[in-house]
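To start, the structure itself, in structure tokens.
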Amino acid sequence: MLASGLVGGLAAPSYAADGSVEVLHWWTSGGEAAALEVLKKKLESQGITWKDMPVAGGGGEQAMAALRARVTAGDPPTAVQALGFDITDWAKQGVVGDLSDVAGKEGWDKVIPAALQNFAKYDGKWIAAPVNVHSTNWLWINKKALDDAGGKAPETWDELISVLDKMKANGIIPIVGGGNAWNAATMFDSVVLSLGTDFYKASMVDLDPAALSGDKMVEAFNRLSKLRSYVDDNFSGREWNLDSAMVIEGKAGMQIMGDWAKGEFVHANKKPGEDFVCIRFPDTQGAVTFNSDMFMMFKVGADKQAAQLQMASDIEDPAFQSSFNVVKGSAPARTDVPDTAFDQCGKKAIKDLAEANEKGTLYGSMSQGYASPAAIKNAMYDVITREYNGDIDAKEAAKELADAVAAAKG
Ligand code: BGC
């Protein structure tokens, strides 16, 4: 299977001169499609044919449902974009492949951070190739809208509210987001983290009932509905990339979103510092809520394995990690990729990640399935959406959150 086994740092091994990969993913926005193209081109340059299986929907819920149907039919795709605990859940079902051979030859253990290995490996075996590290505690601000609102990027919750008030007075929509459960949950990651790293860890990671139902959680929900009060009335059902487009155009002032939003700004030829500003969500500086897109590899027939291993090897190629993540808005999944080609937001993402990892303030993102398994995440999504939409108040939401998590834990 190994066509040419050049090792010793000369060149990555080459697994397939031809063959094809069928890839299930949810990268359908402009910026995402541009990033996907980088991967597709890389594989095509190796003689591998790309069979595209896009299933739209941030967070991958719809993609996972489509995957279930394929696995049940005994015909899984070669590679599947997946997140955190979803990967572990599939691994438990015994349907994933084994990349340990290629990972061993290429020394993945040494360059992929432990926080990612926890999900990319199962039972000691590599089952997925991490392509990036995203994080959710970002605020994306239209630069002109910020200048019109006094020009100072908000560093604290109170400063944020004052900027939002000014944007409102200036006649624009101050903030956009929360159009579906996943989007509102992504905002909630930042809001919870803004009340302290200990609180984020206790509630979102450790699922401590007291933290889930306590006064701080009531405050988190109050903050979430405060943000909602600045969002336009047409938010419901609007996708995150359309929110980004509103910020790009200056119709809206800002958006809380993972750094895949930067992919949209860059795709629209916007420059950080000139057209838009990227900052950590106020009061979350120094901490990072991360998620990593991984390509989980399925057990496929012998005729498909060479291309599958080549794809895994290509994904971990350091040069590819740089060119892909520059477009995607994420940081590389490897720690040895230089930040030279990245813009100022990308450089910040890489630096923040390394520092948070060092300091112990790097946490799995709840909204992206890196803090708890899907059943618990979905239970949280439900409560968060109902509170965001005004169906329940902050006090009820905190109580329901604790109850829903307890029920989902079983
Ligand atoms: C993924 C990103 C993607 C975003 C929106 C997230 O769950 O990690 O890669 O861009 O969803 O589709």
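Odds and ends about this structure:
- Exactly one residue among 341, 408 is of a type in the set (Gly, Ala, Ser) and part of a helix (DSSP H, G or I), and that residue is 408.
- Among (1) in contact (Cβ under 8 Å) with a residue 24 or more places away in the chain; (2) open to solvent by 10 Å² or more (accessible area, probe 1.4 Å); (3) in a helix (DSSP H, G or I) - the single one residue 390 does not satisfy: (3)
- Of the residues making up the range 198-255, those that are among the small types (Gly, Ala, Ser) and assigned to a loop (DSSP other than H, G, I, E, B) are 214, 229, 236, 237, 250.
- Residue 360 meets the conditions (1) surrounded by fewer than 21 Cβ atoms within 10 Å (Cβ to Cβ); (2) within 16 Å of the ligand (Cβ to nearest atom); (3) on the phi > 0 side of the Ramachandran plot in every case but one. The failed one is (2).
- Considering (1) part of a helix (DSSP H, G or I); (2) open to solvent by 10 Å² or more (accessible area, probe 1.4 Å); (3) not charged (D, E, K, R), the lone condition that residue 164 does not fulfil carries the number (2).
- Residue 55 being under 17 Å from residue 129 (Cβ atoms) and β-branched (Val, Ile, Thr): no
Okay, residues lined up against (1) away from the ligand (no atom under 16 Å from the Cβ); (2) in a strand (DSSP E or B):
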| residue | (1), (2) |
| --- | --- |
| 283 | yes, no |
| 295 | no, yes |
| 309 | yes, no |
| 325 | no, no |
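- Inter-residue pairs, beta-carbon under 7 Å, first modelled with pLDDT of 95 or more and in the range 296-316, second among the charged types (D, E, K, R) and not in a loop (DSSP other than H, G, I, E, B), 6+ apart: 313/106; 314/42; 316/106
- Search result, residues across the range 57-89 that are in contact (Cβ under 8 Å) with a residue 60 or more places away in the chain, among the hydrophobic types (A, V, I, L, M, F, W, C) and either within 16 Å of the ligand (Cβ to nearest atom) or touching a His at 6+ places or on another chain (Cβ under 9 Å) (or both): 64, 79, 80, 82, 83, 85, 87
- So residue 180, is it open to solvent by 30 Å² or more (accessible area, probe 1.4 Å) and touching an Asp or Glu at 6+ places or on another chain (Cβ under 6 Å): no
The values are calculated or read from the model by the stated rules, or taken from the named source; none is laboratory data. Remember, it's a predicted structure, so these values are computed and weren't measured experimentally. Here the Cβ is made from the backbone with ideal geometry for all residues, glycine too, and neighbour counts use every protein chain on show. These accessible areas exclude ligands, DNA and RNA; they are computed on the full protein's heavy atoms, side chains included. Shrake-Rupley method; radii C 1.70, N 1.55, O 1.52, S 1.80 Å.
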